[in-house]
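Participant: Provided herewith is a single structure, encoded as C-alpha cells, for subsequent inquiry.
Quick note: the coordinates plus some simple rules give every number you see, no bench work behind them. Only a predicted model underlies this, so the values are computations on that prediction, with no experimental measurement involved. Here the Cβ is made from the backbone with ideal geometry for all residues, glycine too, and neighbour counts use every protein chain on show.
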Amino acid sequence: MRTKNLPPYAPTLIESTRAIGYSLEAAVADIVDNSIAANATSVGIYFFPIDGAYISILDNGIGMNEAEIDLAMQYGSKSPIDARDTNDLGRFGLGLKTAALSQCRALTVVTKQGETVLGRRWDIDHVSEVGEWSLLLLDPDEILEVPEIERLMELASGTLVVWQKLDRMKAGEINFELALGRKIDSVRSHLALVYHRYLSGESGITKLKLTINGEPIIPADPFLKNKSTRPMDDEVLVIHGEKIVVRPYILPHISRMTAEEIRELGGKDGLRKQQGFYIYRNKRLLTWGTWFRMMRQGDLSKLARIQVDIPNSLDDLWTLDIKKSSAMPPAEVRNNLEVIIDRIAERSKRTWTFRGKREVSDTTIHIWNRMKNPQGGIYYEINRDYPMIKEIIDNDPALKSALNSVFQQIERGLPLNQLYVDLNNDEQLVNDQDQAAPDITAALSSMLEGCKSKAEKLSILDTMSNIEPFSSYPEVFDGLRKEITNG
C-alpha cells in the first residue's frame, strides 16, 4: 500500500479554525489557562481601543525557551490523549492559537527568561500571501515595538500575548470604543466566576491576581460560602482509578440575600437559570447552570448548586471541547449524580418553601391556611382562628360578619400571578423577610404586662410559641422564660 502526505493548506485551515465559536470571554480565559500552567501568580489584561487597537495579556510565569515557544505556536502541539501535569489546564494544543485568532488576525507572543527575550507571530494576512504555515520570528528591534513590551521587560520572567488587527471584534460595531467597554464588563464577570477559586486562594492551588486595565478582578463565588449557604456531605466517585469529588450546596433563601448578592448569583438570566452542576477541571470552572438533562430547571430547585471537581486525566470521558466551555458526564458518573440530584432538589424545595412548610404544620398556628379545593386546585384563606383575630371577635361579636367580608375580599384579591412573576424575577419581597428579634421581644413583653402570676405568663408564652411569626424565634422565648422563672 502506498501513502501520500497531504498537509492541510495553511490559509484555508487557519481561517476555518477561526470559526470554532469562541466568545471573547472564553478566548481570554484560554490564554489565562496558559498563564496558570506557567505558574503565574499575576496576570494583567489590557484593552486598548483607539488607533492600533489591541488586547494584551501579560503574566509573570516561568516564560519559555526557544523550543517551548515554537511548540506553543505550533497547531496541535500536544495530543489530547497525552498525560498532563495536574495543574495543566490545556487539552488539545490549540487553545493559544484558536482562541486568539478567533478574535484577531495577528497574534504575537513574546516570552522572557532572565535576559533572554524571544518573539513569535502568526499573521493571517502573511500566511494567506505565502500559502504556507509561515511563523514570523521577531528580531530584537521588532520585539521592542510590541505593545506593552515595557511591562514584560520589568519582570524577571513572563509571557506577553498580544492580539492585533481585531477584525472579528470590530465586525458590526458602529462605535468600537463604546462596544469594547461592554465587552470588558463581560470579560470581567466571566473571569471572576471561572477563576473564583484561584482568585480566592483556595488550598492546593497558587493564588492568582487578575487585573483588567490595572483594576483587580474580585472573585464571584457561585455558592456564596461566606453567607449561610449550607454544603451537604461530599460524595467521592472513583472512575478508572481517579477521584471525582461532588459537593452539593443549598443557597440561602432569597429573603436572606441582599439585592447585590441576588444579582451576582443570578446574573442576567436570574437564579433559575444558574441552578445545577458547576463542573471544575483542576479547580477551573468549565460549565455551569445545567442539570445535564437529568432534571428540569424549576423554581423550587433554583437554590440548588452542585460543585463537581474532575481531574484533567478524565478529559476524554467528559468529552471536553476545544474551548473548555462544555463537558458532558459519562454514563457511570451520571448514575451516581442522579441520586445526589434527588436529595439536593428536595433540600432546595424545603428551603425555598420554608414558610409554606410551616403553613401545613399541625404544631404551628399561621395567619394563612393553605387549602385544597375538592374540585381541584389550591387556594389560601385567612385563618379565622388566629389568636389575635379571635380575640377581636370575642371582645365584639358584632364585628365577626364585617371582618369576614373584609377577609374574603383580601383572599380573592391576592395578586398571585404578579407574585409568581416577582419570585421568578428574583425580586426580594420586603414583607417576606423575618422580623427583628427585638421587635418580637417587645411585642411579647407587652402581652405579658397585664399578667399577675408567673404561671399565667409562662402559659401565654407556651401559646404564643406556636403562633406565626413568633414561632420562628425560639431563642426569644427561652430568654423570656428564664427571666420569668428567675424573677
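Participant: What is the diffusion coefficient of the stretch 129-226 in µm²/s, taking the Kirkwood radius over Cα pairs and the Stokes-Einstein relation at 25 °C with a viscosity of 0.890 mPa s?
Facilitator: After rounding, the answer is 144 µm²/s.
Participant: So which of LYS225/LYS302; LYS170/LYS209; LYS452/LYS482 end up more than 20 Å apart by C-alpha?
Facilitator: LYS170/LYS209
Participant: Can you figure out the FRET efficiency of ASP385 with ALA437, using R₀ = 30 Å and their beta-carbon distance, to the nearest 0.05?
Facilitator: The value I calculate is 0.70.
Participant: Now a separate question. Would you list the P(r) distribution for the stretch 10-216, with all Cα-Cα distances sorted into 10 Å bins from 0 and each bin expressed as a whole %?
Facilitator: P(r) for the stretch 10-216, in whole percents per bin: 8, 36, 39, 15, 1.
Participant: Next up: Using θ = phi - 60° and the Karplus relation 6.51 cos²θ - 1.76 cosθ + 1.60, list the HN-Hα couplings for the stretch 190-200 in order, rounded to whole Hz, with x at every Gly or Pro.
Facilitator: Taking θ as phi minus 60°, the curve returns 5, 5, 4, 7, 4, 10, 4, 6, 6, 5, 7 Hz for the stretch 190-200.
Participant: Students often check this: by mean Cβ neighbours within 10 Å, which of 242-248, 303-309, 60-66 ranks highest, and how do the rest follow?
Facilitator: Ranked from most to least packed, the peptides come out as 303-309, 60-66, 242-248.
Participant: Here is a further query. At most 16 other Cβ atoms within 10 Å and a DSSP loop assignment: could you name the GluC sites (Glu not before Pro) in the stretch 137-179 that fit?
Facilitator: GLU145, GLU154, GLU173
Participant: Between SER42 and residues 5 or more places away or on another chain, which pairs have amide H atoms under 5 Å apart, with H built 1.01 Å from N, and which residues are they?
Facilitator: Answer set, sorted by chain and number: ASN60, LYS209.
Participant: Beta carbons within 10 angstrom, averaged per residue: use that to sort the peptides 36-48, 390-402, 211-223, highest first.
Facilitator: In decreasing order of mean packing, 36-48, 390-402, 211-223 become 36-48, 211-223, 390-402.
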